[in-house]
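K.L.:
First the structure, then my questions, so here it is.
The values are calculated or read from the model by the stated rules, or taken from the named source; none is laboratory data. Nothing here was measured: the structure is a model prediction, and the numbers come from that model. Here the Cβ positions follow ideal geometry from the backbone for every residue, glycine too, while neighbour counts run over all protein chains shown.
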Amino acid sequence: MDFPGSDKKTVQPQQEGSFDQAKLFLWVKGLETKVNNLTREVDSIKNDFIRKTNDLKKEFKTLSSDLLEFKQDHEKTVEKADLIVKELKQTAGQEEVQTLKKYLELWNPMNFVTQRDLERTLNTKLEIKQKQVKEEKQSKEKHGPFR
């Protein structure tokens, strides 16, 4: 049914044999162009995928080496902590320190003398004593009973 004002062209079915070579050639060229465009897109996607895969491989290697370095640093830190704990176990406890403090206060090492100081003091005392003995001998000889 045709309405007034409508400019519809009626499409008549084509017959099977109506494909001529020019239409077929245009149709094949159109398909070929579409296939070429799809091939370019697939190649572009494939190249992007390869590039991103290589970037991810590099990043993975970097992360792997960083993780290995962190593991080694962690092991060194644990070893140092174990060494510190071992050395702390060998140090004196609070009770031992208090006992040593009591002994030091009792002995009062600030009043101790060195061997050199003791020898000097003894030599000085001996010299003084010898002088006194000499003076006594001289005074007895001067004031002797027979003089």
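K.L.:
Going by the conditions given, is V97 under 40 Å from the mean Cα position of the chain (by Cα), part of a helix (DSSP H, G or I), of a type in the set (V, I, T) and at pLDDT below 90?
P.N.:
Yes.
K.L.:
Turning to a different aspect of this structure: Answer yes or no: is there a residue in segment 64-87 that is under 39 Å from the mean Cα position of the chain (by Cα) and aromatic (F, W, Y).
P.N.:
Yes, that holds for at least one residue.
K.L.:
Oh, and also: Can you tell me which residues in segment 77-97 are surrounded by 10 or more Cβ atoms within 10 Å (Cβ to Cβ) and of a type outside the set (A, V, I, L, M, F, W, C)?
P.N.:
T77, E79, K80, D82, E96
K.L.:
Could you list, in sequence order, the residues of segment 104-137 that are surrounded by 10 or more Cβ atoms within 10 Å (Cβ to Cβ) and under 50 Å from the mean Cα position of the chain (by Cα)?
P.N.:
Scanning segment 104-137 gives L104, W107.
K.L.:
Moving on to the next point. Just checking, how many residues over segment 19-37 are surrounded by 10 or more Cβ atoms within 10 Å (Cβ to Cβ) and either in contact with an Asp or Glu (Cβ under 6 Å, 6 or more places away or on another chain) or among the small types (G, A, S) (or both)?
P.N.:
1
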